[in-house]
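Trainee: Here it is, the structure, as structure tokens.
The values are calculated or read from the model by the stated rules, or taken from the named source; none is laboratory data. Model, not experiment: these values are computed from the prediction. Reconstructed Cβ throughout: ideal geometry from the backbone, glycine too, with neighbour counts over all protein chains shown. These area figures cover heavy atoms from the full protein model, side chains too; ligands, DNA and RNA do not enter into them. Shrake-Rupley method; radii C 1.70, N 1.55, O 1.52, S 1.80 Å.
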Amino acid sequence: MAKKSQATWGGRFSKGPAELMLNFSESVSFDNRLAPFDIAVNRAHTAMLQHVGLLTRRELKAIHKGLDVVEKQIEDGKLKWDPAFEDVHMNIEQALTKIVPEAAKMHTARSRNDQVATDSRLFFKHACEVTVGLLKELLGSILSVAELNQAVLIPGYTHLQRAQPVSVAHHLLAYVEMFSRDIKRFEKLLDDANWCPLGSGAIAGTTLPIDREFAAIQLGFVDKRGKARLTTNSMDAVADRDLFLDFGHACGVCAVHFSRVAEDAILWNSSEFGYVELPDAFCTGSSLMPQKKNPDSLELLRGKSGRIIGSLQSLYTMIKGLPLTYNRDLQEDKVQVFDSFDQLSVCLQVLSGTISGMSFRAENCSNAVSDAGLLATDLADWLVNEGVAFRDAHHIVGAMVAKAETLNVPLNEVPQADAKEIHRKLAGDWRVVFDLQRAMKAREGVGMPGPKQIKKQLGRWKKAYSA
Ligand code: ARG
């Protein structure tokens, strides 16, 4: 037998890798977090090998017992990960073989290529489940604050210019819509991950009589009726990294969402807006200026979104030029998705905490929303109801706004004589429009900020997501 220079693949080598190469090529320092999934795959794969007669019952029993021991060692932090064994797969196999020599048969009819593809799919199923849970918690927090602030009105903005009045609840429910789409995205991903590549081997399956369905069922890669879901092309199965891209994308969109929410809250928290008071627990002070209370949690959320979006870009760049099938470049894919998952998880919790502790400053909000210009469009609608064509109405109200500016009065205080001069219809009772409660009540169509509509939407979302 050839001298082993590397325990798992050393047969054809006379010398081991250089120290530098070992450290360069190892992935165990980051892929060891796949250990629980790798052990599950080892259990299922060996059970399948016994099922088809490639392992005896005694061998399987010994291997499964050994896997329990290794699993415990890992949980207790007692297994020493050795970069000489490259990755999590070989480290676990080596640790196991040391205590159970029968484990030399464990790698029968598989390759690390289908193994890492299977481990990754289990990781994605787990990561999506965790993320959906965190998103639901975040939605719970947003919904509570929205419910409390149904009566608080603020200006809504376009171009960061005061546009039209909305309730705080309506604004927050926009976030609920955004994050609920994220939930759907992660749920879809969870389903896409649910196909088993095990049995694809390195690239072309195996000549050994394996039972792919058996292993898939053991690992929970099944449809609603319990039928195994198997990938159907061995080359694609080991080369495919779509889930990495999809996960990176889902994290990226969610990051864009929380970054925009953070930006809103940073503005609202500024002295210039003054709409909210942020919780001390999620702010920090300045080392120099004693008066400062900075919205650091929100700024970091905005910053971290760049990191998450960058990871997706890295994945695209890494994968795009690779010939089929597996190439070692792909080892780097995990760095990106693990980081995105970790950062997204902590970001969702921080956002949830910051929003939960946020209170609205009723007086400042009320001052800002009392700007009569916010109801200029309502005045145009009033003219439409009086039979004026909208284009003309728009023009007439524009003239009113200009007049108000010249006279330096609010829009609703343009003298009646001036108004009448601008358009004869303005001889009527056009000032009724400038009542905020009336304005909100006039917006009860689906998706609008009318109070009844908001109650309805709140109820719907609470039913869907509140614990
Ligand atoms: N650590 C490797 C990775 O994550 C596992 C697959 C190794 N396959 C190989 N043919 N060297 O990509």
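Trainee: State whether one or more residues within the range 59-82 are among the β-branched types (Val, Ile, Thr) and either within 16 Å of the ligand (Cβ to nearest atom) or assigned to a loop (DSSP other than H, G, I, E, B) (or both).
Mentor: Here is the first cut: in the range 59-82, the ones among the β-branched types (Val, Ile, Thr) are 63, 69-70, 74.
Now drop any that are not either within 16 Å of the ligand (Cβ to nearest atom) or assigned to a loop (DSSP other than H, G, I, E, B) (or both), which leaves none.
Within the range 59-82 (the criterion being among the β-branched types (Val, Ile, Thr) and either within 16 Å of the ligand (Cβ to nearest atom) or assigned to a loop (DSSP other than H, G, I, E, B) (or both)), the answer is no, since none of the residues qualifies.
Trainee: Filter the range 101-115 down to the residues that are open to solvent by 10 Å² or more (accessible area, probe 1.4 Å) and within 14 Å of the ligand (Cβ to nearest atom) and list them by number. Give the derivation first.
Mentor: So the first thing to find is which residues in the range 101-115 are open to solvent by 10 Å² or more (accessible area, probe 1.4 Å), and the list is 101-102, 104-105, 107-113.
Correct list: His107, Arg110, Ser111, Arg112, Asn113.
Trainee: Tell me the residue from Ala362, Ala389 that is under 30 Å from Ser270 (Cβ atoms) and surrounded by fewer than 19 Cβ atoms within 10 Å (Cβ to Cβ), please. Let's see the steps before the verdict.
Mentor: Numbers: Ala389 fails: under 30 Å from Ser270 (Cβ atoms).
Only one candidate qualifies: Ala362.
Trainee: Hey, can you tell me all the residues within the range 91-100 that are open to solvent by less than 30 Å² (accessible area, probe 1.4 Å) and either more than 13 Å from Ile39 (Cα to Cα) or within 8 Å of the ligand (Cβ to nearest atom) (or both)?
Mentor: Val100
Trainee: Just checking, does the range 174-185 include any residue being modelled with pLDDT of 95 or more and within 16 Å of the ligand (Cβ to nearest atom)? Quick ask: steps written out before the conclusion?
Mentor: Narrowing the range 174-185 to residues modelled with pLDDT of 95 or more: 174-185.
Then drop every residue that is not within 16 Å of the ligand (Cβ to nearest atom), which leaves none.
No - not one qualifying residue is present in the range 174-185.
Trainee: Now for a separate question. For the range 273-286, which positions are closer than 21 Å to Asn149 by Cα and either open to solvent by less than 40 Å² (accessible area, probe 1.4 Å) or modelled with pLDDT of 95 or more (or both)?
Mentor: Phe273, Gly274, Tyr275, Val276, Glu277, Leu278, Pro279
Trainee: State whether one or more residues within the range 383-398 are more than 16 Å from the ligand (Cβ to nearest atom) and farther than 22 Å from Glu421 by Cβ. Working first, answer last.
Mentor: We begin by selecting, within the range 383-398, every residue more than 16 Å from the ligand (Cβ to nearest atom); these are 383-398.
Imposing the further condition that a residue be farther than 22 Å from Glu421 by Cβ reduces the set to none.
Within the range 383-398 (the criterion being more than 16 Å from the ligand (Cβ to nearest atom) and farther than 22 Å from Glu421 by Cβ), the answer is no, since none of the residues qualifies.
Trainee: Could you give every pair whose Cβ atoms fall below 7 Å, whose first residue belongs to the range 26-54 and is over 22 Å from His126 (Cα atoms) and without any contact (Cβ under 8 Å) to a residue 60 or more places away in the chain, and whose second residue is assigned to a helix (DSSP H, G or I) and more than 13 Å from the ligand (Cβ to nearest atom), counting only separations of at least 6 or pairs across chains?
Mentor: From residues that are over 22 Å from His126 (Cα atoms) and without any contact (Cβ under 8 Å) to a residue 60 or more places away in the chain, the pairs are Gln50/Arg57; Gln50/Leu60.
Trainee: Oh, and also: Sort out which residues of the range 21-35 are crowded, with 16+ Cβ neighbours inside 10 Å and either more than 13 Å from the ligand (Cβ to nearest atom) or assigned to a helix (DSSP H, G or I) (or both), and write them in order of number. First the steps, then the outcome.
Mentor: To start, the set of residues in the range 21-35 that are crowded, with 16+ Cβ neighbours inside 10 Å comprises 22, 26-28, 30-32, 34-35.
Matches in the range 21-35: Leu22, Val28, Phe30, Asp31, Asn32, Leu34, Ala35.
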